[in-house]
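S.K.: One structure follows; several queries about it will come next.
What follows is calculated from the coordinates using simple rules that are stated; it is not laboratory data. Just so we're clear, the structure is a prediction, and the values are computed from it rather than from any experiment. We place every Cβ from the backbone using ideal geometry, glycine too, and count neighbours over all the protein chains shown.
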């Protein structure tokens, strides 16, 4: 009976480490051998498993979207904007509205976004607000396309002429940023709240930003005034815009004078 129990215990690996009464020494030797084998396994170092280098996932970080855009020249930038589908505004556009004018202009005028007529023609400020902008330019002896460039914060028309949403403006921001870099204007004039807020990175009202105040956009002087479309609804504020334009003309003279003497 004892021998049968010992056989079962051996099969299960439960051989006792003590000597059974009346049992011969081979049991002890077996136990000792088992203990020695266990110790040997414990002391054995695990095999080093080497993974082929080709099987290790490689991570690479290329240039960001903004970095790519900020390296583009004029033809590349225009083509990128024409085919852009990076925000929801592309779904409802007829044409992108890149910008128009002298690509080496001293003056850069920036509005908020295309309206219905701009979307149809692919050019900024061609409706009633555009005619008023042309009159504003003429009041300080400027003309569209002659040392003047006109652009918008977003390049596609927002549905129903609503204001661009923050994420839409953010998506378009590198395009405008690159336009400024390529043009190198002496002075930027922000037309209206949306342009001012996006260029200056704040949510201040136009009334608090205009009126003889000179701002800065990444090293370029900037002046804020009302949008021509706002003036069509509030003609009494045209006198304030006239004040802003006179200030802009004086600022431009001073900036060019400083450039000439530097």
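S.K.: Just wondering, is there one or more residues in segment 126-137 that are under 26 Å from the mean Cα position of the chain (by Cα), closer than 22 Å to residue 196 by Cα and buried (at least 22 other Cβ atoms within 10 Å of the Cβ)?
M.R.: The answer is no, given that none of the residues of segment 126-137 is under 26 Å from the mean Cα position of the chain (by Cα), closer than 22 Å to residue 196 by Cα and buried (at least 22 other Cβ atoms within 10 Å of the Cβ).
S.K.: Here's another thing I want to ask about it. Sort out which residues of segment 239-248 are in contact (Cβ under 8 Å) with a residue 60 or more places away in the chain and surrounded by 16 or more Cβ atoms within 10 Å (Cβ to Cβ), and write them in order of number.
M.R.: Within segment 239-248, 241, 245, 248 qualify.
S.K.: Can you tell me how many residues within segment 221-238 are surrounded by fewer than 20 Cβ atoms within 10 Å (Cβ to Cβ) and free of Cβ contacts under 8 Å to residues at least 60 places away in the same chain?
M.R.: Within segment 221-238, residues that are surrounded by fewer than 20 Cβ atoms within 10 Å (Cβ to Cβ) and free of Cβ contacts under 8 Å to residues at least 60 places away in the same chain number 8.
S.K.: Take segment 76-86 and flag every residue that is in a loop (DSSP other than H, G, I, E, B) and either without any contact (Cβ under 8 Å) to a residue 12 or more places away in the chain or farther than 10 Å from residue 155 by Cβ (or both).
M.R.: 83, 85, 86
S.K.: Only residues that are in contact with a strand residue (DSSP E or B) (Cβ under 6 Å, 6 or more places away or on another chain), part of a helix (DSSP H, G or I) and more than 18 Å from residue 137 (Cα to Cα): list them for segment 207-262, please.
M.R.: The answer is 209, and nothing else.
S.K.: Which of the residues belonging to segment 145-160 are closer than 30 Å to residue 91 by Cβ and assigned to a loop (DSSP other than H, G, I, E, B)?
M.R.: 153, 154, 155, 156, 157, 158
S.K.: When segment 92-115 is examined, which residues are found to be closer than 14 Å to residue 154 by Cα and exposed (fewer than 14 other Cβ atoms within 10 Å of the Cβ)?
M.R.: 92
S.K.: Of the conditions (1) in contact (Cβ under 8 Å) with a residue 12 or more places away in the chain; (2) closer than 27 Å to residue 234 by Cβ; (3) not in a helix (DSSP H, G or I), residue 118 clears all except one; give me its number.
M.R.: Answer for residue 118: the failing condition is (3).
S.K.: Please list, ordered by first then second residue, the pairs with beta carbon atoms under 7 Å, 6 or more apart or interchain, first in segment 137-166 and touching a residue at least 24 places away in the same chain (Cβ under 8 Å), second part of a loop (DSSP other than H, G, I, E, B) and loosely packed, with under 14 Cβ neighbours inside 10 Å.
M.R.: Note: pairs meeting the criteria are 149/103.
S.K.: How many residues does segment 175-205 contain that are over 17 Å from the mean Cα position of the chain (by Cα) and under 16 Å from residue 105 (Cβ atoms)?
M.R.: 10
S.K.: Can you name the residue in segment 180-199 that is part of a helix (DSSP H, G or I) and touching a helix residue (DSSP H, G or I) at 6+ places or on another chain (Cβ under 7 Å) and, of all such residues, is nearest to residue 80 (Cα to Cα)?
M.R.: 182
S.K.: Let me ask something else. In contact (Cβ under 8 Å) with a residue 24 or more places away in the chain and either out of contact with any strand residue (DSSP E or B) (no Cβ under 6 Å at 6 or more places or on another chain) or buried (at least 16 other Cβ atoms within 10 Å of the Cβ) (or both), is that true of residue 195?
M.R.: It is true that residue 195 is in contact (Cβ under 8 Å) with a residue 24 or more places away in the chain and either out of contact with any strand residue (DSSP E or B) (no Cβ under 6 Å at 6 or more places or on another chain) or buried (at least 16 other Cβ atoms within 10 Å of the Cβ) (or both).
S.K.: What are the residues in segment 206-220 that are loosely packed, with under 12 Cβ neighbours inside 10 Å and either more than 22 Å from residue 182 (Cα to Cα) or over 29 Å from the mean Cα position of the chain (by Cα) (or both), if any?
M.R.: Within segment 206-220, 208, 212 meet the criteria.
S.K.: Mind listing whichever residues of segment 161-179 are surrounded by fewer than 20 Cβ atoms within 10 Å (Cβ to Cβ) and outside any helix (DSSP H, G or I)?
M.R.: 162, 163, 165, listed by residue number.
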